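Inspection log for the structure reproduced underneath, given as structure tokens.
The values are calculated or read from the model by the stated rules, or taken from the named source; none is laboratory data. This is a predicted model, so every value here is computed, not measured. All Cβ positions, even for glycine, are placed from backbone atoms using ideal geometry, and neighbour counts span all protein chains on display.
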Amino acid sequence: MSTQHRTADADSLRWELTAKRYRHGRFMDPLLAEQFRRVHRDLVRRWSPESHRGRVLKTDVFAEATCPPRAFSWDLCPAERLVSVEISTSLTTTAHENAVALGHGAAGYVAGDARVLPFANDAFDLIVSDSTLDHFGTTGEILTSLKEMARVLRPGGTLVITLDNPANLLEPLFRLWLRAGHAPYFIGRTLSHRKLGRALRECGLDVTDATAILHQPRYFAKAGLRLLRRTGGRRHDRLIRWSLATTERLERWPTRFQTGLFVAVRAVKPAPRTPVA
């Protein structure tokens with residue numbers, strides 16, 4: 001068995017074990033799940049307003065399998081135009097079952113590795129990769145996956161990608177938390193928005209937009225929500241929704257790359273040049 005296959009098998013097993021712990025959105029408050037879905041859905045619609053007309057690829061199905069209220073892929077296009085790829089066969093199966101239960105059964109779910117995508121060249125009009133590649137252990141794996149996404153994106157197509165934001169002001173606390181072994185899943189390498197942009201240009205894509213999304217303080221928000229749930233149940237939902245919506249206004253500020261949890265970049269695959277006669 002090749003090193004590549006051994007790595008893929010280990011990653012698949014890791015995510016299947018993680019999914020068992022994370023089942024039914026155990027670590028995601030319903031209102032945080034609602035915010036995650038809305039923010040990602042609105043970002044993709046803003047950057048690819050005609051996504052519903054083309055073929056769409058989503059690069060993992062963790063939310064679709066473990067916390068459907070957090071999943072936004074079903075909002076992007078008609079189900080028959082959506083294909084999702086996931087390294088874990090178990091997660092792929094569960095995501096499909098959830099899609100069928102929610103009326104999106106025509107969507108396609110494929111077990112595959114983002115580092116070796118099982119699709120033909122120029123197969124998709126839109127690719128959405130939300131915090132998928134930052135679960136790889138090396139920067140090289142991120143770069144390999146970016147090349148694969150560029151390969152299967154059709155000329156004129158759009159890639160929307162997010163990664164953990166290394167410039168977030170609370171990133172040092174996040175890394176300490178990881179080293180202490182508290183993360184419910186594996187967190188790997190990531191890239192700043194500038195390095196991500198450079199990597200995408202090296203793949204032959206044109207980078208058109210960059211921003212940062214989800215600006216609530218990660219752990220303080222979760223801790224505050226747990227406290228409010230214990231003291232008031234759902235009575236504080238209106239206040240929580242308002243507070244979360246207020247934090248999203250920070251995307252308009254010049255400091256957005258210091259407050260956002262994820263960097264987001266839009267890139268377009270240029271059409272081939274027509275030879276001059």
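Of the residues in region 118-146, how many are farther than 13 Å from Ile187 by Cα, buried (at least 16 other Cβ atoms within 10 Å of the Cβ) and of a type in the set (D, E, K, R)?
Summing the residues that are farther than 13 Å from Ile187 by Cα, buried (at least 16 other Cβ atoms within 10 Å of the Cβ) and of a type in the set (D, E, K, R) in region 118-146 gives 3.
When residues of region 192-247 are filtered for being among the charged types (D, E, K, R) and farther than 30 Å from Arg273 by Cα, how many remain?
Of the residues in region 192-247, 10 are among the charged types (D, E, K, R) and farther than 30 Å from Arg273 by Cα.
Restricting attention to region 238-261, which residues are over 9 Å from Ala212 (Cβ atoms) and buried (at least 20 other Cβ atoms within 10 Å of the Cβ)?
Ile240, Leu244
Which of the residues belonging to region 96-131 are part of a loop (DSSP other than H, G, I, E, B), within 20 Å of the chain's Cα centre (by Cα) and over 21 Å from Pro78 (Cβ atoms)?
Within region 96-131, Gly112, Ala114, Arg115, Leu117, Pro118, Ser131 meet the criteria.
Please go through (1) modelled with pLDDT of 75 or more; (2) under 30 Å from Glu16 (Cβ atoms); (3) not in a helix (DSSP H, G or I) for Val207 and return the number of the only condition it doesn't satisfy.
(2)
Give the residue that is modelled with the lowest pLDDT, with candidates limited to residues of region 74-94 that are under 17 Å from the mean Cα position of the chain (by Cα) and polar (S, T, N, Q).
Ser88
Is it the case that some residue within region 243-250 is under 18 Å from the mean Cα position of the chain (by Cα) and on the phi > 0 side of the Ramachandran plot?
Taking every residue of region 243-250 in turn, none turns out to be under 18 Å from the mean Cα position of the chain (by Cα) and on the phi > 0 side of the Ramachandran plot.
Can you go through Val85, Val116, Val100 and tell me which one is in contact with a Leu (Cβ under 8 Å, 6 or more places away or on another chain) and among the β-branched types (Val, Ile, Thr)?
Working: Val116 fails: in contact with a Leu (Cβ under 8 Å, 6 or more places away or on another chain); Val100 fails: in contact with a Leu (Cβ under 8 Å, 6 or more places away or on another chain).
Unique residue meeting the criteria: Val85.
Whether any residue in region 135-147 is free of Cβ contacts under 8 Å to residues at least 12 places away in the same chain and not hydrophobic (A, V, I, L, M, F, W, C) is what I want to check.
For region 135-147, residues free of Cβ contacts under 8 Å to residues at least 12 places away in the same chain and not hydrophobic (A, V, I, L, M, F, W, C): present.
If I filter region 132-175 down to residues being of a type in the set (D, E, K, R) and outside any helix (DSSP H, G or I), which single residue comes out as farthest from Ala71 (Cα to Cα)?
Within region 132-175, the match that is farthest from Ala71 (Cα to Cα) is Arg154.
Can you tell me which of Glu50, Glu34, Glu16, Glu97 is surrounded by fewer than 20 Cβ atoms within 10 Å (Cβ to Cβ) and at pLDDT 95 or above?
Glu97
For Arg266, state whether it is in contact (Cβ under 8 Å) with a residue 40 or more places away in the chain, surrounded by 16 or more Cβ atoms within 10 Å (Cβ to Cβ), touching an Asp or Glu at 6+ places or on another chain (Cβ under 8 Å) and assigned to a helix (DSSP H, G or I).
no
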